[in-house]
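S.K.: Sharing a structure, written as structure tokens. Questions coming.
The values are calculated or read from the model by the stated rules, or taken from the named source; none is laboratory data. These numbers come from a predicted model, not from an experiment. Ideal geometry is used to build each Cβ from the backbone, glycine not excepted, and the neighbour counts take in all protein chains shown.
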Amino acid sequence: MKIENERVGVLAYRIHIENAQGELLEEAPLNQPRTMLFGTGRVMKSFEERLLGLRSGETFEFHIKPEEAFGAYNPQLVIDVPKTAFMVKGEIKPGLLEIGRTIPMMDREGNPLDGRVVAVNGVSVTMDFNHPLAGKTLYTVGEVLNVREATYEELNPTPSGCGCGTPDSGCCGGGGHHHHHEHEHAHAHHGGGCGHCGDGDDFSGSSCNC
């Protein structure tokens, strides 16, 4: 049986930046393979397309260009955000605005997006809203361990608060590289003002905030 839409593939693989010697982003080893449902939008399209047609026991090795993965790096997504966006009761939590720290935020429409602190200035904070893997080529190598028909339950999952696919969603399994961040967030209005959402909100920067 070969991988096709609405079939399940059990895969062991590694994903690196650029080449086999590059930083390891994600791994599903032989003793902990990843189960992926194809043709339902739960697997990164460019990753999925390269696996369609493969059979159990076959190996694979390929590159995914930035435009097929997380896009080109966009300098216009480096934005100065007023420090007031990060204030709660007139204060900024100590350690929140550390250089390199990623802070989950929201745009005007309430869509989640992650911003990385690039610089802290007098009255503003320079944030980089590019995906951490923007501009990066992904190198993938692995093996198809098994292929089977999907069950009714897999094709018709029970709705949950996440809604982004399987619990083991990762770089390719869930369509986005999985990062965990501190539960802090603010409104990021590109070119406009910002407002903090408050400490009561629990909001991680993982791929489960679609």
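S.K.: Within the range 129-152, is there a residue that is in a loop (DSSP other than H, G, I, E, B), loosely packed, with under 13 Cβ neighbours inside 10 Å and modelled with pLDDT under 90?
M.R.: Scanning the range 129-152, I find no residue that is in a loop (DSSP other than H, G, I, E, B), loosely packed, with under 13 Cβ neighbours inside 10 Å and modelled with pLDDT under 90, so the answer is no.
S.K.: Hey, another quick one. Does the range 88-109 hold any residues that are without any contact (Cβ under 8 Å) to a residue 60 or more places away in the chain and surrounded by fewer than 16 Cβ atoms within 10 Å (Cβ to Cβ), and which are they?
M.R.: If the condition is that a residue be without any contact (Cβ under 8 Å) to a residue 60 or more places away in the chain and surrounded by fewer than 16 Cβ atoms within 10 Å (Cβ to Cβ), then 89, 90, 91, 94, 95, 98, 99, 100, 109 are the ones that fit.
S.K.: Only one of these is loosely packed, with under 14 Cβ neighbours inside 10 Å and either touching a strand residue (DSSP E or B) at 6+ places or on another chain (Cβ under 9 Å) or modelled with pLDDT of 95 or more (or both): 45, 65. Name it.
M.R.: 65
S.K.: Another question, then. Does at least one position in the range 80-87 carry a residue that is surrounded by 14 or more Cβ atoms within 10 Å (Cβ to Cβ), under 30 Å from residue 153 (Cβ atoms) and of a type outside the set (A, V, I, L, M, F, W, C)?
M.R.: The answer is no, given that none of the residues of the range 80-87 is surrounded by 14 or more Cβ atoms within 10 Å (Cβ to Cβ), under 30 Å from residue 153 (Cβ atoms) and of a type outside the set (A, V, I, L, M, F, W, C).
S.K.: I'd like the full set of residues that are part of a loop (DSSP other than H, G, I, E, B), over 25 Å from residue 23 (Cβ atoms) and of a type in the set (D, E, K, R), limited to the range 90-113.
M.R.: 93, 107, 108, 109
S.K.: Name every residue in the range 17-35 that is closer than 23 Å to residue 137 by Cβ and touching a Ser or Thr at 6+ places or on another chain (Cβ under 8 Å), in order of residue number.
M.R.: 17, 18
S.K.: Give me the pairs, please: first residue somewhere in the range 128-140 and under 11 Å from residue 66 (Cβ atoms), second residue anywhere and of a type in the set (Asp, Glu) and modelled with pLDDT under 95, beta-carbon distance under 8 Å, and either six or more positions apart or on two chains.
M.R.: Listed pairs, sorted by first residue: 131/114.
S.K.: Still on this structure: In the range 1-42, what residues are within 18 Å of the chain's Cα centre (by Cα), surrounded by fewer than 13 Cβ atoms within 10 Å (Cβ to Cβ) and of a type in the set (D, E, K, R)?
M.R.: Those that are within 18 Å of the chain's Cα centre (by Cα), surrounded by fewer than 13 Cβ atoms within 10 Å (Cβ to Cβ) and of a type in the set (D, E, K, R): 18, 23.
S.K.: Take residue 116 and decide whether it is within 21 Å of the chain's Cα centre (by Cα), loosely packed, with under 15 Cβ neighbours inside 10 Å and either modelled with pLDDT of 90 or more or part of a loop (DSSP other than H, G, I, E, B) (or both).
M.R.: In short, no.
S.K.: Tally the residues that are modelled with pLDDT under 90 and either in a strand (DSSP E or B) or under 28 Å from residue 20 (Cα atoms) (or both), restricting the search to the range 119-128.
M.R.: 0
S.K.: Now, a different point. When you go through 49, 67, 61 one by one, which is the residue that is part of a strand (DSSP E or B), under 21 Å from residue 136 (Cα atoms) and not basic (Lys, Arg)?
M.R.: Only one candidate passes the filter, namely 61.
S.K.: Do we find that residue 79 is among the hydrophobic types (A, V, I, L, M, F, W, C), touching a Ser or Thr at 6+ places or on another chain (Cβ under 6 Å) and assigned to a strand (DSSP E or B) in this structure?
M.R.: For residue 79, the condition - among the hydrophobic types (A, V, I, L, M, F, W, C), touching a Ser or Thr at 6+ places or on another chain (Cβ under 6 Å) and assigned to a strand (DSSP E or B) - is not met.
S.K.: Could you list all residues from the range 11-37 that are assigned to a loop (DSSP other than H, G, I, E, B) and either touching a Leu at 6+ places or on another chain (Cβ under 7 Å) or in contact (Cβ under 8 Å) with a residue 40 or more places away in the chain (or both)?
M.R.: 18, 19, 20, 22, 30, 33, listed by residue number.
S.K.: OK, next. Surrounded by 11 or more Cβ atoms within 10 Å (Cβ to Cβ), modelled with pLDDT under 95 and of a type outside the set (D, E, K, R), is that true of residue 60?
M.R.: no
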